[in-house]
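These notes concern the structure reproduced below.
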Amino acid sequence: MTQLSILIPSNRPLKTSIASLESALIYAEKTGAQVIVADNSGDPDKKRHFENASPHLTYIDTDGFDARRNFLTTMETANTPYVLAMGDDDELYSLDGRRRVDLADLPNDVVGVRPVTMVWTVQDGARSIEKFPLDAENADDRIRQLVKAAPRNNSVFYSAFRRELLVSLYRKFNACHPTLGDYCDWVLIYCLIASGRILHEPATLFRYDLGRWAEKSSLEETKLLLFRRAGLPDEAELYTALLRFVDIHGLMTWKGLPLSDEQRHRALAINAQITLTSFAQSVEKNPGIYHEQARRFANQVPSINNLDYAYQSALPVLEQLQPGLAEKYASYLNSMVS
């Protein structure tokens with residue numbers, strides 16, 4: 001039985017996506033995996049090139065789909081136990097001579113396997129090679145492993161995860177989140193890591209293209225663009241850590257996650273520690289650029305020891321950021337626990 005589907009929601013035309021898609025197809029033919037391409041580029045040349053290219057490829061013409069629907073299409077088309085998402089600017093390779101992890105034989109507490117990851121840019125080529133697992137016994141310790149090993153890039157999302165877990169998380173997030181902003185990738189990452197161990201896969205190389213995240217000149221504009229697309233004001237960038245706290249806290253409380261009460265509490269606590277400490281430090285460093293409600297909340301952070309209180313106390317801060325946002329986040333949390 002085929003264990004892995006490679007999911008590629010693709011918007012680029014043939015010329016700039018062919019290297020990525022063909023690397024995935026070659027990988028699939030060598031390893032027995034399947035590739036699912038949801039193509040909303042509208043490029044007829046690309047469709048002709050890939051539509052019947054291989055029995056290992058399912059090509060879906062999704063012209064007119066937005067990015068979120070396009071990704072969900074790949075997930076819902078897959079019927080394998082595991083799925084690995086990749087962008088149409090990333091590349092995937094099978095490393096000969098290395099023993100491959102048997103996905104069919106993984107214990108129940110393992111939610112995924114992480115390939116060797118090359119963090120790459122057009123300007124510099126390979127910037128780093130990541131080979132670390134996230135295999136600690138407890139949810140909070142796995143999140144600590146991530147923060148220590150790769151605090152600033154989200155490459156761990158491009159691992160082979162159990163399909164049912166990833167699909168259920170993505171659907172729940174899409175159904176309930178207040179803004180559905182593309183800045184929320186860390187929400188899924190933290191919840192996946194909290195749900196179980198992620199092992200290292202030494203026989204697969206994933207070349208992760210940093211793209212616009214690579215240079216400081218484009219980084220700030222890219223972050224602002226994500227908030228604007230979500231309908232938030234530019235100053236939302238100042239509240240990144242606080243938004244991450246409420247976003248992750250909400251989804252982590254969802255009973256659909258395979259977490260015991262102890263592991264859920266551990267995960268919620270480490271999320272609060274990381275995100276609220278970061279927010280408080282940012283406010284302390286530049287208090288004048290934050291509104292009074294934010295300054296008062298930041299001053300309370302060191303003494304907060306109740307996670308529900310922390311969430312509720314954050315809502316007035318979000319209301320000052322955008323009227324109506326507090327009510328939306330109250331509903332978000334209620335939708336997870338009801």
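Bear in mind these aren't lab numbers, they're just calculated from the coordinates by the rules spelled out. This structure is a prediction, so every number in the text was calculated from the model and none was measured. We place every Cβ from the backbone using ideal geometry, glycine too, and count neighbours over all the protein chains shown.
What does a probe at T58 reach in the range 6-45, counting residues whose amide N is under 15 Å from the point 7 Å along Cα→Cβ? So the set is 6-10, 33-39. Modelled this way, with points 7 Å down the Cα-to-C-beta line, the labels at N154 and R48 are 3.6 nm from one another. Where does the longest stretch of the chain lie that holds no trypsin sites (Lys or Arg not before Pro) found in a DSSP loop with 11 or fewer other Cβ atoms within 10 Å? Here the longest run is 153-254. Across the range 1-89, Cα pairs under 8 Å and at least six residues apart give a relative contact order of 45 percent. Distant-in-sequence amide contacts of T204, defined by a placed amide H-H separation under 5 Å and a gap of 5 or more residues or a different chain, comprise L95, V116. Computed over the chain, the P(r) curve from all C-alpha pair distances, binned at 20 Å from the origin, holds 30, 58, 12, 0 percent per bin. Hydrodynamic analysis of the range 156-264 uses the Kirkwood radius over alpha carbon pairs. Inserted into Stokes-Einstein at 25 °C and 0.890 mPa s, it gives a translational diffusion coefficient of 157 µm²/s.
A convex hull fitted to the Cα coordinates of the range 216-337 yields 117 cubic angstrom per residue.
Couplings for the range 146-160, taken from phi via the Karplus curve 6.51 cos²θ - 1.76 cosθ + 1.60 with θ = phi - 60°, read 5, 4, 6, 8, 8, x, 10, 10, 9, 4, 5, 4, 8, 10, 8 Hz in order; Gly and Pro are left as x.
Approximating the spin labels as points 7 Å out from Cα along Cα→Cβ, the K328-to-N138 distance works out to 3.5 nm. Computed from label points 7 Å out along Cα-Cβ, the spacing between E237 and N79 is 4.6 nm.
Computed from phi, the 3J(HN,Hα) profile of the range 294-310 under the Karplus parametrisation 6.51, -1.76, 1.60 (θ = phi - 60°) reads 5, 5, 5, 5, 4, 5, 7, 3, x, 9, 6, 10, 10, 5, 5, 5, 4 Hz, with x in place of Gly and Pro.
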